[in-house]
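Colleague: One structure coming up, written as structure tokens, with questions to follow.
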Amino acid sequence: MTQNHRPFRSVLYIPGDKVRALDKARNLACDAIIFDLEDAVAPEAKEDARSILKQELAKGGYGARFRLVRVNGLDTEWGRRDLVELKDADFDALLIPKVSTGWDVEAAGELAGDKPLWAMMETPPAFINACEIASHTRMHGLVMGTNDLIKDLGCRVRADRLALLTALQTCVMAASAARIPAIDGVYNAFRDEEGLRAECEQGRDFGFDGKTLIHPAQLEIANEVFAPDEEELALARRQIEAFEAAQAEGKGVAVLDGKIVENLHIVTARALLKKAAAIAAMGAM
């Protein structure tokens with residue numbers, strides 16, 4: 001889990017050329033939105049999509065939701081114009097597809113003005129170079145692109161995502177080392193609530209900050225799974241209380257429920273409480 005505590009439990013893809021969807025997103029219970037100009041937009045609609053999105057972003061109304069724009073790749077006829085024409089629009093960060101090396105980040109950054117950059121991690125080279133990508137000074141977050149990765153690997157789709165475990169863990173480790181968020185890939189069967197919950201729980205347990213989603217019906221489960229529950233919060237408070245009491249007695253560690261509690265546990269406990277407070281603040285906006 002990233003240390004900035006901003007919630008990214010639910011990160012919803014919205015097609016950049018669909019005005020109704022863009023408007024509906026203003027009232028959805030998602031922590032972040034990816035306004036997509038890449039995969040969700042047909043080639044013949046790319047130019048119009050860029051204009052439509054700029055107009056909708058200028059209208060505002062997205063509240064505290066973190067706003068990402070996924071542009072087209074620089075190897076396409078639209079990518080360069082996306083970066084140049086959108087760099088002054090009203091959103092929080094650019095999401096760059098098919099990032100494979102730090103040079104890809106550098107190339108995008110030269111065109112993106114001062115906009116923070118996020119990277120789609122969706123090719124085998126991306127994971128070989130994950131630390132280089134995540135540690136770039138312009139990089140602010142990583143997003144798993146599991147569908148493209150499965151295609152490139154030629155692996156089978158399994159409920160346990162066995163073939164993707166190395167990539168998933170590499171993404172989390174690189175993001176953690178750089179202290180930036182890492183967001184898990186999408187779950188394609190949006191009507192399968194049981195499968196979605198299982199994959200969200202797996203991603204949470206790996207250390208992802210949240211999950212990318214393809215349908216509003218997936219929001220509730222992602223928000224629930226990636227939020228600390230009351231039992232976790234109660235334990236965090238008890239750990240902090242026990243540790244502070246031990247410190248007052250000149251001790252370096254505490255014992256709670258028969259388990260050692262030391263400073264590293266308190267760092268985690270305080271981060272959990274800050275995350276819960278940030279989620280509560282999101283709900284109040």
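Colleague: Six or more apart or on different chains, Cβ under 7 Å: which pairs go from a residue in the range 15-32 that's touching a residue at least 40 places away in the same chain (Cβ under 8 Å) to one that's among the acidic types (Asp, Glu) and crowded, with 20+ Cβ neighbours inside 10 Å? Could you list them?
Modeller: Gly16/Asp36
Colleague: OK, next. For residues in the range 242-285 being assigned to a loop (DSSP other than H, G, I, E, B) and among the charged types (D, E, K, R), which is nearest to Gly207 (Cα to Cα)? Steps first, answer last, please.
Modeller: At the first step, the residues of the range 242-285 found to be assigned to a loop (DSSP other than H, G, I, E, B) are 249-253, 257-258, 262, 285.
Right, trim to among the charged types (D, E, K, R) and you get 249, 251, 257, 262.
On the way: Glu249: 34, Lys251: 31, Asp257: 25, Glu262: 21 Å.
The extreme case among them is Glu262.
Conditions (1) assigned to a helix (DSSP H, G or I); (2) in the same structural domain as Phe91 (by TED's automatic domain parsing); (3) surrounded by 14 or more Cβ atoms within 10 Å (Cβ to Cβ), marked per residue:
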position: Ala21; (1), (2), (3): yes, yes, yes
position: Ala40; (1), (2), (3): no, yes, yes
position: Lys54; (1), (2), (3): yes, yes, yes
position: Gly63; (1), (2), (3): no, yes, no
position: Leu68; (1), (2), (3): no, yes, yes
position: Asp75; (1), (2), (3): no, yes, no
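Colleague: What is the number of the single condition among (1) crowded, with 22+ Cβ neighbours inside 10 Å; (2) outside any helix (DSSP H, G or I); (3) not β-branched (Val, Ile, Thr) that Ala175 does not meet?
Modeller: So Ala175 meets the others, but not (2).
Colleague: For the range 119-172, how many residues are among the hydrophobic types (A, V, I, L, M, F, W, C), free of Cβ contacts under 8 Å to residues at least 40 places away in the same chain, under 20 Å from Glu106 (Cα atoms) and assigned to a helix (DSSP H, G or I)?
Modeller: 2
The values are calculated or read from the model by the stated rules, or taken from the named source; none is laboratory data. Computed from a predicted structure; not experimentally measured. For neighbour counting, all protein chains shown are included, and Cβ atoms are generated from backbone atoms with ideal geometry for every residue, glycine included.
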